[in-house]
Structure formats: structure tokens, C-alpha cells
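Engineer: My structure is below; once you've seen it, I'll send some questions.
The values are calculated or read from the model by the stated rules, or taken from the named source; none is laboratory data. Because the structure is predicted, anything quoted here is derived from the model rather than measured. Don't worry about glycine lacking a Cβ; one is built from the backbone with ideal geometry, like all the others, and counts go over all protein chains shown. Ligands, DNA and RNA are stripped out before the accessible areas are found, and what is left, the full protein with its side chains, is counted by its heavy atoms. Shrake-Rupley method; radii C 1.70, N 1.55, O 1.52, S 1.80 Å.
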Amino acid sequence: MLIGLRTHRAVTAGVVAVLLGTGFLAGTAGQAEAVVPVCVKATSVSWGAGHGPVPSTSGGSLNCQLGPGNSGAGVKALQAALKLCHKKNIAVDGVYGDRTKSALAAVQRNSGINDDGLYGPQTRNIILWDVTEKTPAGGTWKYCDRL
């Protein structure tokens, strides 16, 4: 049986509408969302006279993300902040596993943001980071602060 062009278009439009309505097909309008790169290293960030490591991209941008399965210096910087500044009982081993995800979710929950346990730009701004500062006497002192 041959379907006319108008009938074919109407059926196609109806199927697309049903798929969009049920969530089986997602449409986008306008520009595509930017992809946030993975944090692959830690960059030393300055706080007045102090400095401390914060996860970053290979180019040094702090606009990056981390989650389960990631590993490296960026994860280690996050874990150190969670352990030292947020008093979470986790290993600082550079591997983003279940314990890191749970510790981060608790910090997110306490700060009133989405507690998905994933690290990104919003979470970066609520984390207390491990900062080291030289004292006038030549020693150092450590404290925790937000970016």
C-alpha cells in the first residue's frame, strides 16, 4: 500500500511528537551546551600571601569536573581539601571512588547545593581549600578558605 507524501509527513510528525512527549527523544533549541573538561592536574592558586592546590585542566583552567573513575593530581587536591578542611575520613590516593563521592556529597548537602557527589564549577566554589602561607618569622601556617 502506498502512503501519500502528506500522510507520511503527518505520521512522522505525530511519531516525533509522541517520542518527545515520552522522553524517548530529546530536542534541543539554540546553541549546544558547552562541555566541561575533566580536571587532570592541580594548579596552585593564590589567596593573599597563601597558596594551595585546586583541580584544573591541563591548561590551568579551574572550570573542570571530576567524578567516579577519574584519577590524578586533581582528584588528590580535592581529597586533601575534603580530608583536611572538611574533616572527611577518606584516603588521599588520587582515585575518585565511592568514598570520595560520598564525602563530597555530604559537603554539598551541608552547603545546600545538589548533593550528587560530582565535582564541578558550583562545587568548587563551596569547597574549603587547603591553603599554606609563609609567616614573617620564616615558618608556615595552614588554613582553609574558599576561592
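Engineer: Output the number of residues of the stretch 55-102 satisfying the condition of being among the basic types (Lys, Arg) and either part of a loop (DSSP other than H, G, I, E, B) or under 14 Å from Trp129 (Cβ atoms) (or both).
Structural biologist: Residues that pass the stated criteria total 4.
Engineer: Okay, next question. Among the residues of the stretch 120-147, write down those that are among the aliphatic types (A, V, I, L, M) and either at pLDDT below 90 or in contact with a Gly (Cβ under 6 Å, 6 or more places away or on another chain) (or both).
Structural biologist: Answer for the stretch 120-147, where residues must be among the aliphatic types (A, V, I, L, M) and either at pLDDT below 90 or in contact with a Gly (Cβ under 6 Å, 6 or more places away or on another chain) (or both): Val131, Leu147.
Engineer: Take the conditions at pLDDT 95 or above and open to solvent by 30 Å² or more (accessible area, probe 1.4 Å) and apply them to Ala105. Does it pass?
Structural biologist: no
Engineer: Any chance you could count how many residues in the stretch 122-134 are within 15 Å of Pro53 (Cα to Cα) and loosely packed, with under 14 Cβ neighbours inside 10 Å?
Structural biologist: Within the stretch 122-134, residues that are within 15 Å of Pro53 (Cα to Cα) and loosely packed, with under 14 Cβ neighbours inside 10 Å number 1.
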